[in-house]
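S.K.: If you scroll down you'll find the structure; I have some questions about it.
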Amino acid sequence: MGGKHIVCCGTGTWTRVIGWLELVRFGYLTVVYCAIPSAVEDEMSLLPGLTDGNGAMVIFIGTVLTYAFFTIMAIILLCGAYQRITCLITAWWIYSIVSICMNSLVIIGLLANVGAPSFDLVQVVVDTLFRTFCLWIVGIYRAELKSALNCELLTIIEN
């Protein structure tokens, strides 16, 4: 299947690279947060009302579950990319759209909060831009896969 080349590789290769990058990133964060519960302290300091024992546990569990979900979504993207299963790629694509929308809300919140650290804003903006790039690449690959599968289906029907 001849696909669109972006920079040096086709969209299929880029999609696999994106899947591996996300798997390593979120898999690592899941392990770090499980192995080092004190890694959540920075996030707890941003929410002074939840720094008691129960609030800290809620933040810890929520963070671990979120990163575990992101890791699962990376695995879904990789399975879809390697096996050319468009419904798995579409599931990741929808998850990515929701993630970009959530990041956009965080950016608005950080911009509205004058006392927020600028590092947090830069981190979220860079993450949102990267996710948007990934969404664009995977969207192109998804469309290429759909059209290739439709052509294969038409060939089978004609024969």
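The values are calculated or read from the model by the stated rules, or taken from the named source; none is laboratory data. Because the structure is a prediction, the values reported are computed rather than measured. FYI the Cβ positions are ideal-geometry reconstructions off the backbone, even for glycines, and counts take in every protein chain you see.
S.K.: Please work out which one of (1) touching a helix residue (DSSP H, G or I) at 6+ places or on another chain (Cβ under 7 Å); (2) at pLDDT 75 or above; (3) among the aliphatic types (A, V, I, L, M) is the condition residue 40 fails and give its number.
M.R.: In the conditions (1) touching a helix residue (DSSP H, G or I) at 6+ places or on another chain (Cβ under 7 Å); (2) at pLDDT 75 or above; (3) among the aliphatic types (A, V, I, L, M), residue 40 misses (2) alone.
S.K.: Let me ask you something else. Looking at residue 35 and the list (1) surrounded by 13 or more Cβ atoms within 10 Å (Cβ to Cβ); (2) modelled with pLDDT of 70 or more, which single condition is not satisfied?
M.R.: (1)
S.K.: Considering only region 52-63, I want to know if a residue exists there that is polar (S, T, N, Q), modelled with pLDDT under 65, exposed (fewer than 14 other Cβ atoms within 10 Å of the Cβ) and out of contact with any Leu (no Cβ under 6 Å at 6 or more places or on another chain).
M.R.: Within region 52-63, the subset polar (S, T, N, Q) is 54, 63.
With modelled with pLDDT under 65 added as a condition, the list becomes 54.
Adding the requirement that they be exposed (fewer than 14 other Cβ atoms within 10 Å of the Cβ) leaves 54.
Add one more test, that the residue is out of contact with any Leu (no Cβ under 6 Å at 6 or more places or on another chain), and what stays is 54.
Within region 52-63 (the criterion being polar (S, T, N, Q), modelled with pLDDT under 65, exposed (fewer than 14 other Cβ atoms within 10 Å of the Cβ) and out of contact with any Leu (no Cβ under 6 Å at 6 or more places or on another chain)), the answer is yes, since at least one residue qualifies.
S.K.: Taking region 82-120 on its own, how many of its residues are modelled with pLDDT of 90 or more, surrounded by 15 or more Cβ atoms within 10 Å (Cβ to Cβ) and hydroxyl-bearing (Ser, Thr, Tyr)?
M.R.: Qualifying residue count, region 82-120: 4.
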